[in-house]
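Structure record follows, encoded as structure tokens.
The values are calculated or read from the model by the stated rules, or taken from the named source; none is laboratory data. In this text the structure is predicted, and so the values were computed from the model without any measurement. Glycine also receives a Cβ, built like all others from the backbone with ideal geometry; neighbour counts cover every protein chain displayed.
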Ligand code: GLC
């Protein structure tokens with residue numbers, strides 16, 4: 001089976017978040033199953049200093065009245081023998097950011113998305129290789145499904161491959177003025193409400209949802225949530241309509257890169273079967289790094305996050321002052337995003353310099369040391385399609401505290417007297433009191449070292465490999481190709 005991932009980002013080459021991590025790690029497990037998997041991504045400025053070999057053929061891509069020239073370059077995914085094809089058009093992709101610069105989103109993002117998506121369908125002209133399944137990720141690659149359908153629709157030829165669309169986050173849909181539709185070069189028949197139109201605008205993700213053969217989201221709970229008004233971000237009707245072709249597959253994490261026994265960013269390795277010495281050393285060193293008093297008997301809570309409404313850290317801002325006065329807990333926070341939230345965290349750190357330490361920005365090494373050095377990890381997300389950080393935290397022995405939604409609900413087993421399998425805490429409602437209650441419960445658990453150690457042991461042993469997800473994706477590919485799935 002031959003599969004092409006189409007995505008705006010792929011880690012470690014170019015990434016802004018979880019999407020890049022998934023596209024950079026799932027293919028490794030698919031390849032191990034014998035699938036010929038390759039990746040297509042724009043040649044962003046961040047890829048420029050890589051070792052890239054170009055196919056000689058210069059291609060042109062027709063989008064409405066314009067013909068856009070491009071070339072295909074090829075590199076590999078890190079040390080793995082997985083080809084990464086790069087669409088080169090400097091005018092569109094040689095820019096400071098992937099989606100935006102300091103002035104905001106690029107105004108020609110719809111053209112950039114269409115070029116990425118359509119070049120997937122034309123890739124064979126440069127490489128001679130045609131996939132059976134085009135696996136598109138998020139709004140920027142979503143039109144791929146429509147370009148595949150267009151060929152049989154307009155030229156009455158057999159579709160060259162089937163399409164699978166994975167939605168990593170419904171919040172980002174690629175919404176543009178309806179008049180931009182002509183720039184896509186797609187047939188006018190695709191522009192209506194059973195195609196790309198949504199509430200009077202052109203919506204690239206919606207077009208993908210309508211056109212894809214199969215659709216997946218990144219956790220089973222999110223796959224049911226997206227069919228509701230509360231989580232569907234306006235696309236719930238389309239997702240309900242496509243419900244029979246929609247499944248949720250929980251993301252794994254790259255266990256090789258996220259290995260607490262062999263992570264060069266950590267001051268001391270952590271043995272999952274006997275974590276206490278490693279965890280204490282990491283905690284002491286983190287307290288020092290973050291300039292907090294080296295008192296390691298108090299529980300230490302961590303945050304590694306983008307600071308946006310989705311992540312619910314405004315709830316943490318609301319409860320921090322009372323947690324500080326009513327407990328011994330300390331907090332380390334790494335994040336960036338919303339300017340007001342950044343400022344509010346900075347102010348709290350200034351008000352409680354011995355209890356709260358904040359680093360605004362992103363630092364991969366520090367993120368890893370926070371997972372390793374904290375006792376608890378906070379993720380009060382309002383919605384969370386999957387969430388990788390809670391899985392990184394568990395693997396590094398920090399108990400996640402998350403809201404019962406999406407992938408958090410699918411990975412965290414809530415601590416209660418009746419379950420021996422608990423690996424963290426869940427709370428129900430996105431409000432400060434529900435969150436504070438569960439944090440206080442965690443603080444109480446910490447006072448019982450034996451119980452805490454047993455839950456920590458469960459977290460360290462929680463399954464998080466890509467293997468099971470890869471098997472499920474292979475089934476979806478077979479399903480798209482209408483091949484009966486293999487016996488399990
Ligand atoms: C998005 C989602 C996150 C998910 C990631 C990878 O960033 O917000 O929940 O884990 O994509 O699928």
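Summary table
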| item | result |
| --- | --- |
| Residue identified as in a helix (DSSP H, G or I), touching a residue at least 40 places away in the same chain (Cβ under 8 Å) and touching a helix residue (DSSP H, G or I) at 6+ places or on another chain (Cβ under 6 Å) among 279, 283 | 283 |
| Residue 262, sole failed condition from (1) surrounded by fewer than 18 Cβ atoms within 10 Å (Cβ to Cβ); (2) at pLDDT below 95 | (2) |
| Meets criteria (under 30 Å from residue 67 (Cβ atoms), assigned to a loop (DSSP other than H, G, I, E, B) and either out of contact with any helix residue (DSSP H, G or I) (no Cβ under 9 Å at 6 or more places or on another chain) or at pLDDT 95 or above (or both)) for residue 186 | yes |
| From 319, 324, residue being outside the structural domain of residue 18 (by TED's automatic domain parsing), modelled with pLDDT of 95 or more and touching a helix residue (DSSP H, G or I) at 6+ places or on another chain (Cβ under 6 Å) | 319 |
| Every residue from region 20-38 that is touching a helix residue (DSSP H, G or I) at 6+ places or on another chain (Cβ under 6 Å) and assigned to a strand (DSSP E or B) | 37 |
| Extreme residue, nearest to the ligand (Cβ to nearest atom), among residues of region 235-275 that are in a loop (DSSP other than H, G, I, E, B) and within 23 Å of residue 404 (Cβ to Cβ) | 251 |
| Residues (within 21 Å of residue 254 (Cβ to Cβ) and away from the ligand (no atom under 15 Å from the Cβ)) located in region 375-425 | 396, 397, 398, 423, 424 |
| Selection count where residues are under 24 Å from the mean Cα position of the chain (by Cα) and crowded, with 22+ Cβ neighbours inside 10 Å, scope region 346-374 | 6 |
| Unique match (being surrounded by 18 or more Cβ atoms within 10 Å (Cβ to Cβ), within 16 Å of the ligand (Cβ to nearest atom) and more than 20 Å from residue 178 (Cβ to Cβ)) among 98, 72 | 98 |
| Conditions (1) more than 16 Å from the ligand (Cβ to nearest atom); (2) surrounded by fewer than 21 Cβ atoms within 10 Å (Cβ to Cβ): number failed by residue 468 | (1) |
| Unmet requirement for residue 343, which otherwise passes all of (1) assigned to a helix (DSSP H, G or I); (2) closer than 11 Å to residue 303 by Cα | (2) |
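Every residue, every condition in (1) away from the ligand (no atom under 16 Å from the Cβ); (2) modelled with pLDDT under 95, yes or no:
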{"site": "126", "(1), (2)": "yes, no"}
{"site": "129", "(1), (2)": "yes, no"}
{"site": "132", "(1), (2)": "yes, no"}
{"site": "138", "(1), (2)": "no, no"}
{"site": "142", "(1), (2)": "no, no"}
{"site": "146", "(1), (2)": "yes, no"}
{"site": "154", "(1), (2)": "yes, yes"}
{"site": "159", "(1), (2)": "yes, yes"}
{"site": "181", "(1), (2)": "yes, no"}
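Rundown of residues vs (1) touching a strand residue (DSSP E or B) at 6+ places or on another chain (Cβ under 9 Å); (2) without any contact (Cβ under 8 Å) to a residue 40 or more places away in the chain; (3) buried (at least 24 other Cβ atoms within 10 Å of the Cβ), yes/no style:
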position	(1), (2), (3)
381	yes, no, yes
388	no, no, no
399	yes, no, yes
427	yes, no, no
434	yes, yes, no
